């Protein structure tokens, strides 16, 4: 049986993998859409969805759990103050993954991971 064998190792040591997923989740929360490899995106999905659930609780303990994973106070405040209220009525499934072809250098399968209510028009208007 494969019980409790649910995470991907991604060819990294435990500390490196946790740091990488923390960096990726911080980037996803701050930018709401990032491009990465498909296995990393699939591993990141579980981490970010857990963070959104903590943000929806809104307690001090939940903020501290998110702060232990995310890098930077700005990410924690955006998680709890902006993202969590947007998903208040949603019971789960906060992210989506799009496959976006192969990377030119090594042929790795690339993917875009974003929040389900993210739209490119919002981001373009912010840049303008």
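Here are some residues: 66, 84, 15, 61. Which one is assigned to a helix (DSSP H, G or I), touching a helix residue (DSSP H, G or I) at 6+ places or on another chain (Cβ under 7 Å) and more than 17 Å from residue 117 (Cα to Cα)?
One residue alone meets the criteria, 66.
Restrict the check to the stretch 52-68 and report whether at least one residue is within 20 Å of residue 6 (Cβ to Cβ), in contact with a strand residue (DSSP E or B) (Cβ under 7 Å, 6 or more places away or on another chain) and surrounded by 14 or more Cβ atoms within 10 Å (Cβ to Cβ).
Looking through the stretch 52-68, none of the residues is within 20 Å of residue 6 (Cβ to Cβ), in contact with a strand residue (DSSP E or B) (Cβ under 7 Å, 6 or more places away or on another chain) and surrounded by 14 or more Cβ atoms within 10 Å (Cβ to Cβ).
From the list 78, 42, which residue is assigned to a helix (DSSP H, G or I) and in contact with a strand residue (DSSP E or B) (Cβ under 8 Å, 6 or more places away or on another chain)?
Step by step, each of 78, 42 is checked, and only 42 is assigned to a helix (DSSP H, G or I) and in contact with a strand residue (DSSP E or B) (Cβ under 8 Å, 6 or more places away or on another chain).
Quick one: would you say residue 40 is in contact (Cβ under 8 Å) with a residue 12 or more places away in the chain and over 20 Å from residue 18 (Cβ atoms)?
no
Identify, by number, the condition in (1) surrounded by 15 or more Cβ atoms within 10 Å (Cβ to Cβ); (2) without any contact (Cβ under 8 Å) to a residue 60 or more places away in the chain; (3) not in a strand (DSSP E or B) that residue 5 doesn't meet.
Against the list (1) surrounded by 15 or more Cβ atoms within 10 Å (Cβ to Cβ); (2) without any contact (Cβ under 8 Å) to a residue 60 or more places away in the chain; (3) not in a strand (DSSP E or B), residue 5 comes up short only on (1).
Does residue 104 fit the bill of being in a loop (DSSP other than H, G, I, E, B) and either free of Cβ contacts under 8 Å to residues at least 12 places away in the same chain or closer than 19 Å to residue 7 by Cα (or both)?
yes
The numbers here are math on the coordinates, done by the rules we state, and not lab data. What you see is a predicted model; the values in this text were computed from it and never measured. Note: ideal-geometry Cβ built from the backbone for every residue, glycine included; neighbour counts use all protein chains shown.
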